[in-house]
Amino acid sequence: MPRMVQGTHQTGLPFMKMHGAGNDFVVIDARATGAGVSAALARALADRNRGVGFDQLAVIETGNGADLDLTFYNADGSTAGACGNATRCIARYEMDRTGAADLTLRTERGVLQAVDAGGGLTSVNMGVPQLDWREVPLAREMDTLTLPIEGAPVATGMGNPHCTFFVDDAEAIDLAARGAEMEHHPLFPERTNVQFAHLVAPDHLRMRVWERGVGVTLASGSSSCATAVAAARRGLTGRKVTVDLDGGRIFIDWREDGVWMTGPTAHVFDGVLTPDFLNGLAE
């Protein structure tokens, strides 16, 4: 795991702010700065009043068997194995910077492929979904298609665990209360992301999300992938769907080689964390 380099405490630390469908990120390009991230820095940056604010923090490093290596942090300082929207945003940034039409990005999930989808959209293959209880992971053996929880949610792994409820009206759910409760359910030893979705049409879902280690977010790429996979497994939809989230629209296509996610990205601004801010961090 990268560590904060001492020199940045004297010169400041450059960062970028990006979002995908309102799912927002701070991105640190450690290739340029030589700097890494501590849990304390992640927590301080996540504070929307005293820091910058984000749903996830992403650190770019020189690729090892891929064009880029990515590490993700949640707002509580924990690491995340996958972050689809951040992967898509960073892929767009790098393709624009280099002129490439496609590239590979290594995450804890594995090496992911990204391509320019045209029309300002970027696609990322988030990999083959994890459908076995051990892979999600769950606390004990069970059918991941129907969990023994009220509401019979579906469990899916996309490099991080997901618990998806299909309901009559996702808008009517008390997301903050239900999400917080389910994140820590004992069936999920690593905690879980939580989604509530309803069917709009056979190829269209409305979904709202609670992210593990973060809370309510406007969008989540890996959650969109997990919800689309769960809906197809349940026979509610086909394998190619549109997902409407609180922050915008994402397109999911579950193919033989993995779950492809396509959507817009935004590079909002660049900034520099001051030496005073960095020196004030406490583990």
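Before moving on, here are some points about what is shown:
- A32 of a type in the set (A, V, I, L, M), out of contact with any Cys (no Cβ under 9 Å at 6 or more places or on another chain), surrounded by fewer than 19 Cβ atoms within 10 Å (Cβ to Cβ) and assigned to a helix (DSSP H, G or I): yes
Each row is one residue, and each column tells you yes or no for (1) buried (at least 19 other Cβ atoms within 10 Å of the Cβ); (2) at pLDDT below 95.
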{"position": "G179", "(1), (2)": "yes, no"}
{"position": "N193", "(1), (2)": "yes, no"}
{"position": "A197", "(1), (2)": "yes, no"}
{"position": "L205", "(1), (2)": "yes, no"}
{"position": "G213", "(1), (2)": "yes, yes"}
{"position": "A228", "(1), (2)": "yes, no"}
{"position": "P275", "(1), (2)": "no, yes"}
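- Criterion violated by T79 - all others in (1) at pLDDT below 95; (2) over 16 Å from I252 (Cβ atoms); (3) out of contact with any Asp or Glu (no Cβ under 9 Å at 6 or more places or on another chain) satisfied: (3)
- Against the criterion of being free of Cβ contacts under 8 Å to residues at least 60 places away in the same chain and in contact with a strand residue (DSSP E or B) (Cβ under 7 Å, 6 or more places away or on another chain), D253 qualifies.
- Taken together, L41, L68, L45, L57 contain a single residue that is among the aliphatic types (A, V, I, L, M) and either within 23 Å of H162 (Cα to Cα) or surrounded by fewer than 21 Cβ atoms within 10 Å (Cβ to Cβ) (or both), which is L57.
- Close Cβ contacts (under 7 Å, 6 or more residues apart or on different chains) running from residues in segment 15-43 that are within 11 Å of A58 (Cβ to Cβ) to residues that are of a type in the set (S, T, N, Q) comprise M18/T265; F25/Q56.
- Of all the residues in segment 104-158, those that are among the basic types (K, R), part of a loop (DSSP other than H, G, I, E, B) and surrounded by 18 or more Cβ atoms within 10 Å (Cβ to Cβ) number 1.
- Residue in segment 71-81 that is aliphatic (A, V, I, L, M) and closer than 22 Å to L273 by Cβ present: yes
- Within segment 199-215, one or more residues are closer than 30 Å to R50 by Cα and among the β-branched types (V, I, T).
- Condition met for D76 (out of contact with any helix residue (DSSP H, G or I) (no Cβ under 6 Å at 6 or more places or on another chain) and surrounded by fewer than 17 Cβ atoms within 10 Å (Cβ to Cβ)): yes
- Residues that are touching a residue at least 60 places away in the same chain (Cβ under 8 Å), farther than 21 Å from C225 by Cβ and either outside the structural domain of M16 (by TED's automatic domain parsing) or not in a loop (DSSP other than H, G, I, E, B) (or both), drawn from segment 44-85: A44, L45
- Listed here are the strands (runs of 3 or more DSSP E) enclosed by segment 179-242 that have at least 3 residues being more than 14 Å from N23 (Cβ to Cβ): 193-201, 204-211.
The values are calculated or read from the model by the stated rules, or taken from the named source; none is laboratory data. Here the structure is a predicted model, which is why all the values come from computation and not from measurement. All Cβ positions, glycine included, derive from the backbone under ideal geometry; neighbour counts span all protein chains shown.
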